[in-house]
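The values are calculated or read from the model by the stated rules, or taken from the named source; none is laboratory data. This structure is a prediction, so every number in the text was calculated from the model and none was measured. Cβ sites come from the backbone with ideal geometry, for glycine too, and all protein chains shown count toward neighbours.
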Amino acid sequence: MAPPPPVWPPAGAVPPPGTPPPPPVPAATYPTYASPSPYGGQPVRQPQNGLGVAALVLSILGIAGCIPFIGGILGIVFGILGMKNADRSIATNKGMAKAGLIIGIVGLGLWVLVGIVWLAVVVVLLANEPHNGTYAIPSPTGF
């Protein structure tokens, strides 16, 4: 059986002669951090994704009929502005802005088509109404 390792004397005591020195203490490795600037750092600018989100939401509301025409027009405008912001690295959602632009164009086109069909139906119905060329306009007084 091997003898037990030598026990070092308590702090402040002198080891007996002929005792080997204690093993070196491994150096602690700590992560290095950059020293803070005395003037403070530049604030991190958050991406401004509001225009892309607005373009998509307004386009969807426009194509769904909640706000026809206006939703499509605003979706197109906000989609273009959102894509420009993404190109200038101000925003991070170019795809959302592009989707809002495309849906806005399609929605506006559909509502224009619906308006043309509605107008054509009204014109056809008025043209086929029997009136013999004259219209009887009632008097506001009733006489």
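Structure above, values below:
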quantity: Residue selected from region 45-104 under the condition outside any helix (DSSP H, G or I) and among the charged types (D, E, K, R), by the criterion nearest to residue 115 (Cα to Cα); calculated: 88
quantity: Number of the condition not met by residue 15 [criteria: (1) touching a Phe, Trp or Tyr at 6+ places or on another chain (Cβ under 8 Å); (2) modelled with pLDDT of 70 or more]; calculated: (2)
quantity: Output for region 87-107, where each listed residue is surrounded by fewer than 22 Cβ atoms within 10 Å (Cβ to Cβ) and aliphatic (A, V, I, L, M); calculated: 90, 99, 102, 105, 106
